[in-house]
Structures are given as C-alpha cells and as structure tokens.
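These notes are about the structure you will find just below.
The values are calculated or read from the model by the stated rules, or taken from the named source; none is laboratory data. Remember, it's a predicted structure, so these values are computed and weren't measured experimentally. Cβ coordinates were reconstructed from backbone atoms using ideal geometry, including for glycine residues, and neighbour counts include every protein chain displayed. Just the protein is used for accessible areas: all its heavy atoms, side chains included, with ligands, DNA and RNA removed. Shrake-Rupley method; radii C 1.70, N 1.55, O 1.52, S 1.80 Å.
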Amino acid sequence: MVNITRTRLFLMSIGLFFLVVVFLSLGFGLFLVSPAGKEGVDQVFVVKERSSLKEVAGDLEKRGLITNKTLFVLWTRVKGYGKDIRAGEYSLSPAMAPVRLLEILRKGLVILHLVTIPEGFTKEQIAEALEAKGLADKKRFLELAEDKALLRQYGISGPSLEGYLFPDTYHFSRGTPTLAVLDAMVKRFKQVVGPLVEKAQGSGMKFEDVVILASIVEKETGRPEERPLIASVFLNRLRLGMRLESDPTVIYGIENFGGDLKKKDLTEKTPYNTYLIYGLTPGPIANPGLESIKAVIDPARTDYLYFVSKNDGSHHFSKSLAEHNRAVEIYQKKRGKTPQKSS
C-alpha cells in the first residue's frame with residue numbers, strides 16, 4: 001500500500017512538472033509572438049555603442065515595446081544572439097512581436113540618414129556636416145582622422161586622412177561608430193580612385209603627391225573644364241622649380257581663418273604657405289573629387305604658368321609674367337580687388 005502511494009505521488013509529481021513546463025513554454029511562446037500593444041506608433045529607438053543586452057531589454061520594456069525584459073533576455077541568449085545586438089537607430093513599434101524586434105536588432109536594420117559630402121570639403125567641414133546631422137562627434141572624428149596608427153593601417157603617409165575621405169553621398173545610421181563612418185569614406189576613396197593608382201604612378205608622380213595636387217586643383221576652381229588647365233599650370237611650375245603660390249594652401253595653413261585673405265597672410269610662415277615654400281604641401285588641403293585627381297594624372301598640355309580669377313568663376317591663363325600682370329590689371333586691380341593669383 002505504501003509503495004502504491006509513493007508511486008502515485010511520484011507520477012503525480014512528474015505530471016505536475018510537465019504541466020508546469022508546458023505552461024511556462026506556452027507562456028514563453030505567447031510572449032514571443034504577442035506584441036506589447038495591438039496598435040502602436042513607430043518610435044525611434046537607439047541602441048548605443050557598447051550597450052549590454054540587459055540594458056537594451058530594459059530600454060525596450062521602459063518604452064513599452066516589450067512586456068517582459070527578462071524573457072526577452074532569456075530568449076535572446078537561448079538563440080545565441082546575446083552579443084549580436086547592433087548599435088544604431090531603429091524604427092520600432094509596440095505592434096511588433098518580440099521575435100520581430102529581436103530580428104531587427106540582430107540584423108542591424110537601422111534607420112539610414114543621407115548626407116552628401118561636396119568635393120573640396122576639408123576634414124573639419126566634413127566633421128561639422130556629420131555632427132549637424134547627429135551622425136558623428138566632430139571632436140572624435142578629427143581625432144581619428146589624425147590617428148597615426150589608423151593612418152598606418154590604411155597605408156597613408158600624410159599627416160591625416162585629409163584627401164582620402166571621398167566626397168560622395170553616404171547613408172549612415174545615428175549610433176554608427178565614428179570609426180565606421182571614417183572607414184566607409186576611406187574605403188569609398190580606394191574603391192573609386194584605386195583603379196587610377198597604376199596610371200598615376202606612370203605619370204612619374206607618387207600617388208600621395210597626386211592626391212595633394214588634386215586637392216589644390218579642387219580648391220582653385222569649381223569649373224570642371226578648368227581642372228586640367230589648373231593642373232597644367234601647377235605641374236609646369238613644379239617642373240621649372242617655381243613656387244605654386246596658391247591662395248587656398250595659405251588659407252589651409254591659417255588656424256581659425258576669418259574668411260578674408262590679406263596680403264600679410266601671404267608672408268606668414270606655415271608648412272602650407274606655397275608663396276614661401278617650394279614644392280607641394282605636407283599633405284592634401286581638402287578632399288578632392290575624382291575629376292580633380294584625373295586632371296592631375298592627365299593634365300592639359302599647355303605652357304601656362306599663371307592664372308587669375310575673372311570674377312565670374314572662371315580664370316584667365318597666361319604663359320608669361322608680363323601677360324599675367326596685364327590680366328591682373330584687367331580683372332582684379334581695376335575692380336579694386338586683391339589679386340587671387342599674382343604669381
């Protein structure tokens with residue numbers, strides 16, 4: 001009789017255990033497929049860099065996107081996705097089931113913001129444009145752009161990533177690590193400009209020098225048809241041992257430039273003042289576009305040594321100093337302007 005009672009209790013215990021397991025499994029399963037709310041407005045949810053799974057789950061519960069953070073953490077770990085939640089900005093809704101929310105966070109289906117970096121922007125201007133859209137921290141961006149270890153990693157010998165942050169339209173998510181933003185721009189540069197490296201080396205110039213000169217060409221003119229002409233002037237001057245005497249290089253070397261280039265600035269000694277130094281600057285002065293790089297590799301064949309602004313976006317090109325001085329009189333001095341180019 002005692003044995004029968006013990007057997008019955010044992011069987012009842014097993015049965016109860018299985019009932020509990022089934023109950024918990026049903027509850028767990030119901031949680032996974034049941035949205036926190038039948039109706040829900042999409043809301044922006046940001047996963048910060050280096051956020052833990054528990055922190056993310058807690059934020060999801062606080063925002064009303066899930067009903068139980070513990071079950072969410074448990075299911076994520078059961079699936080082996082505990083370290084797969086990606087940082088970024090997401091559009092989530094309480095009407096989404098937890099399994100769907102996890103899938104979105106695991107795959108990194110983030111909100112992408114469009115940002116266009118114009119040709120000729122400096123690294124500072126790029127950092128400001130990204131910060132204005134909430135896509136990067138300016139200070140961090142500039143620190144990384146000058147990081148020596150990072151420069152070695154990319155095989156760049158210049159003082160910074162200036163010149164190698166390719167001007168293009170990008171799509172980034174808020175929360176994307178700043179390093180990843182920089183990496184995308186450098187990789188885009190290599191993707192677009194890479195095929196020209198061999199041709200650049202065939203021109204007799206180091207590729208780094210091509211980028212430097214292309215950045216100067218980019219800043220000197222906004223007219224596509226003038227780029228090969230501007231490049232020819234600078235290449236002719238380099239070949240003859242003449243100084244480049246480029247205003248944009250002077251401006252780049254002036255800290256906190258106020259926007260008005262004065263004659264005294266042309267005599268200020270900086271590594272970028274090509275009115276004083278011979279040869280190229282230590283590094284690019286901006287981030288050139290593809291056409292400016294092509295212009296340096298394949299410049300116009302001219303004897304021009306000078307150019308001066310005609311005040312309409314174009315330039316007058318001259319072969320001799322006498323001709324150049326006459327052009328300055330016509331286009332600059334008679335209009336009461338300081339010559340932009342008086343080499």
Report summary line: Of the candidates 141, 74, 290, the farthest towards the positive dipole end of the chain (Lys/Arg Cβ +1, Asp/Glu Cβ -1, centred on the Cα centre) is 74
Query raised in the report: What is the magnitude of the charge dipole of the range 58-98 about its Cα centre, with +1 placed on the Cβ of each Lys and Arg, -1 on the Cβ of each Asp and Glu, and no other charges, expressed in debye to the nearest 20?
Result: 140 debye
Report summary line: Length gained, residue 322-residue 192, 0.36 nm per residue minus C-alpha separation, equals 42.7 nm
Query raised in the report: Among 106, 86, 152, whose mean-square fluctuation peaks in a Gaussian network model of the chain (Cα, cutoff 10 Å)?
Result: 152
Query raised in the report: Counting only protein heavy atoms, what percent of the accessible surface of the chain is carbon or sulfur at a 1.4 Å probe?
Result: 55 percent
**Report entry** 222 nm mean residue ellipticity, helices alone, for the chain (DSSP H n ≥ 4; -39,500 (n - 2.57); rounded to 500)
**Finding:** -14500 deg cm²/dmol
Report task. Of the listed values (1) 0.97; (2) 1.13; (3) 1.54, grab the one calculated as Cα Rg over 2.2 N^0.38 Å from the structure here. Result -> (3)
Query - the chain, relative contact order [Cα under 8 Å, separation at least 6], % - result: 14 percent
Query raised in the report: To the nearest 0.05, what FRET efficiency results for residue 116 and residue 260 with a Förster distance of 35 Å applied to their C-beta separation?
Result: 0.80
Report summary line: Which residues qualify? For residue 244, with a placed amide H closer than 5 Å and at least 5 residues away or on another chain, they are 279
Report summary line: Expressed per residue, the solvent accessible area of the range 162-320 in Å² (1.4 Å probe) is about 44 Å²
Query raised in the report: Which of 181, 235, 252 sits farthest toward the positive end of the charge dipole of the range 173-308, with +1 on the Cβ of Lys and Arg and -1 on the Cβ of Asp and Glu?
Result: 181
Query raised in the report: Suppose every K and R has +1 on its Cβ and every D and E has -1 on its Cβ; what is the size of the dipole of the chain about the Cα centre, in Debye to the nearest 20?
Result: 780 debye
Query raised in the report: Going down the list 138/187; 262/294; 219/263; 139/269, which pairs span over 24 Å between their C-alpha atoms?
Result: 262/294; 139/269
**Report entry** Proximal aspartates and glutamates relative to residue 69, as straight alpha-carbon distance under 15 Å, when same-chain residues fewer than 8 apart are discounted
**Finding:** 55, 59, 61
Report summary line: Restricting to Cα pairs under 8 Å and 6 or more apart, the percent relative contact order of the range 210-284 works out to 35 percent
Query raised in the report: How high is the relative contact order of the range 204-343, in percent, counting Cα pairs under 8 Å that sit 6 or more residues apart?
Result: 29 percent
